[in-house]
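The values are calculated or read from the model by the stated rules, or taken from the named source; none is laboratory data. Please read these numbers as outputs of a predicted model, since none were measured by experiment. Virtual Cβ from ideal backbone geometry, glycine too; neighbours counted across all protein chains shown.
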Amino acid sequence: MTTSFAPTDLAAWAQGTWTTSPVAAVTGFGTDTRALRTGDAFVALKTARRDGHDFLSDARAQGAACAVVAHPVADPLPQLVVADPQTGLRRIAAAWRQRFPGPVIGVTGSVGKTSTKDLLGALLGPTAFITEANLNNLLGVPLMLLRLRSDRHRFAVIEAGMSVPGELGISAAVIRPDVAIVTAVAPVHLEGVGSLAAVAREKATLVEALAAGGRAVLPASLLAWPEFAALADRCLAVRFAGEAHPSVRPARLVEAVLGLSEGRRTLSLDGEVFQLGPVSDGLASNAALAVIAAREVGLTADALRTALASWSPPLGRGSLHALSGQTFYLDCYNSSPASLLDAAH
């Protein structure tokens, strides 16, 4: 995987045609002319508010190497004409992901996606590419995948979200994860999908999209949903002490036990003990999923213990603060009823 994109590859992947081939190397992609970097391909998206095709001159002035457009525009910037620029972007990203030689971990779930993704970044170290911020939608997922570089990255951790039916399945097909983490199914985005059962159906699409030989890592409780039960033979399921045994047999059942030692949470996974900070049950569960996923892509237990020793939850998610002689537990990052209940516990 090189650090630039060949124009012939881009045309083939996006099923498009060049008005003229780019002279400058294409080294990245962007959709906002204000944030373009030299060498980027500007993807001209049309929304209800504005049409990216009106900004090709701005893209050229910012150093764009070319543009991905739905129709040719009277501008000297080289243009790759495709049926739909956003679909073309996804097709390019899917092909680029297939060229990446390292393992790709996809992360989804009603709650805990971003904190789990960030923890995986801490566990896997500086050679891991992780989704920036929470760019996890239909536009963010392909843009993140297109930043993978095999000369710098050994692993990729791609977060995938959803707000309407079908969205996650589209992103999952682009990610094609080697390991898929589903943190939870909870009443989030019900205004878009309609029911908790519909949420489960959406989240299961990431498991359905696993690459050949891939494995999902998820709480054993999710196997109660028919969509996940049907995929049980591809799942590493985590059952915490006191929880019911799943009614279907996963590929592997990992027994987890939470403890407390010197004011810190401990996490035991099939007898191997890891030290956590003063985290909630939900964060501890997500930590279990992250540790198992990291083991699946080759990290040792000792390496993970070292990484966990210096890990702390992201700002606004499960941190302790002392003020005026009182201790406050701060958990306000994008809160939902499920995450608030976990924080209260």
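Looking at Leu135, Leu168, Leu148 in this structure, which one is under 18 Å from the mean Cα position of the chain (by Cα), within 25 Å of Ser4 (Cβ to Cβ) and in contact (Cβ under 8 Å) with a residue 40 or more places away in the chain? Unique residue meeting the criteria: Leu148. Within the stretch 263-293, the residues that satisfy the criterion of being touching a residue at least 60 places away in the same chain (Cβ under 8 Å), of a type outside the set (Ser, Thr, Tyr) and either out of contact with any His (no Cβ under 9 Å at 6 or more places or on another chain) or over 16 Å from Gly109 (Cβ atoms) (or both) are Leu283, Asn286, Ala287, Leu289, Ala290, Val291, Ile292, Ala293.
Give the residue, chosen from Arg239, Arg305, Arg249, Arg295, that is modelled with pLDDT of 95 or more, part of a loop (DSSP other than H, G, I, E, B) and farther than 23 Å from Glu132 by Cβ. Full working, then the answer.
Details: Arg239 fails: part of a loop (DSSP other than H, G, I, E, B); Arg305 fails: part of a loop (DSSP other than H, G, I, E, B); Arg295 fails: part of a loop (DSSP other than H, G, I, E, B).
Exactly one of Arg239, Arg305, Arg249, Arg295 is modelled with pLDDT of 95 or more, part of a loop (DSSP other than H, G, I, E, B) and farther than 23 Å from Glu132 by Cβ, namely Arg249.
Each residue in the stretch 223-242 was checked for being surrounded by 13 or more Cβ atoms within 10 Å (Cβ to Cβ) and closer than 25 Å to Leu308 by Cβ, and 6 of them qualify. The residue that is surrounded by the fewest Cβ atoms within 10 Å (Cβ to Cβ), counting only those in the stretch 92-109 that are within 14 Å of Val179 (Cα to Cα) and touching a Pro at 6+ places or on another chain (Cβ under 7 Å), is Val104. Can you tell me which of (1) surrounded by 24 or more Cβ atoms within 10 Å (Cβ to Cβ); (2) part of a loop (DSSP other than H, G, I, E, B) is the one Val141 doesn't meet? Here Val141 clears every test but (2).
Collect the residues in the stretch 171-185 that are more than 18 Å from Val291 (Cβ to Cβ) and within 13 Å of the chain's Cα centre (by Cα), keeping them in residue-number order. Before you say what the answer is, go through the steps one by one.
We begin by selecting, within the stretch 171-185, every residue more than 18 Å from Val291 (Cβ to Cβ); these are 171-176, 185.
Ser171, Ala172, Ala173, Val174, Ile175, Arg176, listed by residue number.
I'd like to check something: does the stretch 173-189 contain any residue that is touching a Phe, Trp or Tyr at 6+ places or on another chain (Cβ under 8 Å), buried (at least 18 other Cβ atoms within 10 Å of the Cβ) and assigned to a loop (DSSP other than H, G, I, E, B)?
Taking the stretch 173-189 first, the residues touching a Phe, Trp or Tyr at 6+ places or on another chain (Cβ under 8 Å) are 182, 185.
Cutting the leftovers down to buried (at least 18 other Cβ atoms within 10 Å of the Cβ) gives us 182, 185.
Then drop every residue that is not assigned to a loop (DSSP other than H, G, I, E, B), which leaves 185.
Scanning the stretch 173-189, I find at least one residue that is touching a Phe, Trp or Tyr at 6+ places or on another chain (Cβ under 8 Å), buried (at least 18 other Cβ atoms within 10 Å of the Cβ) and assigned to a loop (DSSP other than H, G, I, E, B), so the answer is yes.
Would you be able to tell me the number of residues in the stretch 17-68 that are charged (D, E, K, R) and more than 19 Å from Asp84 (Cβ to Cβ)?
Quick first cut of the stretch 17-68, residues charged (D, E, K, R) only: 32, 34, 37, 40, 46, 49-51, 54, 58, 60.
Remaining after also requiring more than 19 Å from Asp84 (Cβ to Cβ): 34, 37, 40, 58, 60.
Qualifying residue count, the stretch 17-68: 5.
Screening the candidates Leu276, Leu260, Leu269 for the property of being farther than 25 Å from Thr127 by Cα, in the same structural domain as Gly214 (by TED's automatic domain parsing) and buried (at least 18 other Cβ atoms within 10 Å of the Cβ) yields one hit, Leu269. How about the stretch 161-172: which of its residues are more than 14 Å from Lys113 (Cα to Cα), assigned to a helix (DSSP H, G or I) and of a type in the set (A, V, I, L, M, F, W, C)? Residues satisfying the conditions are Ile170, Ala172.
State whether one or more residues within the stretch 199-209 are touching a Gly at 6+ places or on another chain (Cβ under 6 Å), among the hydroxyl-bearing types (Ser, Thr, Tyr) and within 23 Å of Asp281 (Cα to Cα). Walk me through it before giving the result.
Filtering the stretch 199-209 down to residues touching a Gly at 6+ places or on another chain (Cβ under 6 Å) leaves 205-206.
Of the ones still in play, those that are also among the hydroxyl-bearing types (Ser, Thr, Tyr) are 205.
Next, only the ones that are within 23 Å of Asp281 (Cα to Cα) stay: none.
There is no residue in the stretch 199-209 that is touching a Gly at 6+ places or on another chain (Cβ under 6 Å), among the hydroxyl-bearing types (Ser, Thr, Tyr) and within 23 Å of Asp281 (Cα to Cα).
Of the residues that make up the stretch 192-208, is at least one within 21 Å of the chain's Cα centre (by Cα), outside any helix (DSSP H, G or I) and either assigned by TED's automatic domain parsing to the domain that holds Arg176 or within 22 Å of Glu255 (Cα to Cα) (or both)? No: zero hits. The test for being out of contact with any helix residue (DSSP H, G or I) (no Cβ under 6 Å at 6 or more places or on another chain), assigned to a helix (DSSP H, G or I) and closer than 29 Å to Leu89 by Cβ does not hold for Ala211. Does Ala241 satisfy being out of contact with any helix residue (DSSP H, G or I) (no Cβ under 8 Å at 6 or more places or on another chain) and hydrophobic (A, V, I, L, M, F, W, C)? Considered against the rule, which asks whether it is out of contact with any helix residue (DSSP H, G or I) (no Cβ under 8 Å at 6 or more places or on another chain) and hydrophobic (A, V, I, L, M, F, W, C), Ala241 comes out as yes. The residue that is surrounded by the fewest Cβ atoms within 10 Å (Cβ to Cβ), among those in the stretch 37-91 that are out of contact with any Pro (no Cβ under 7 Å at 6 or more places or on another chain) and polar (S, T, N, Q), is Thr47.
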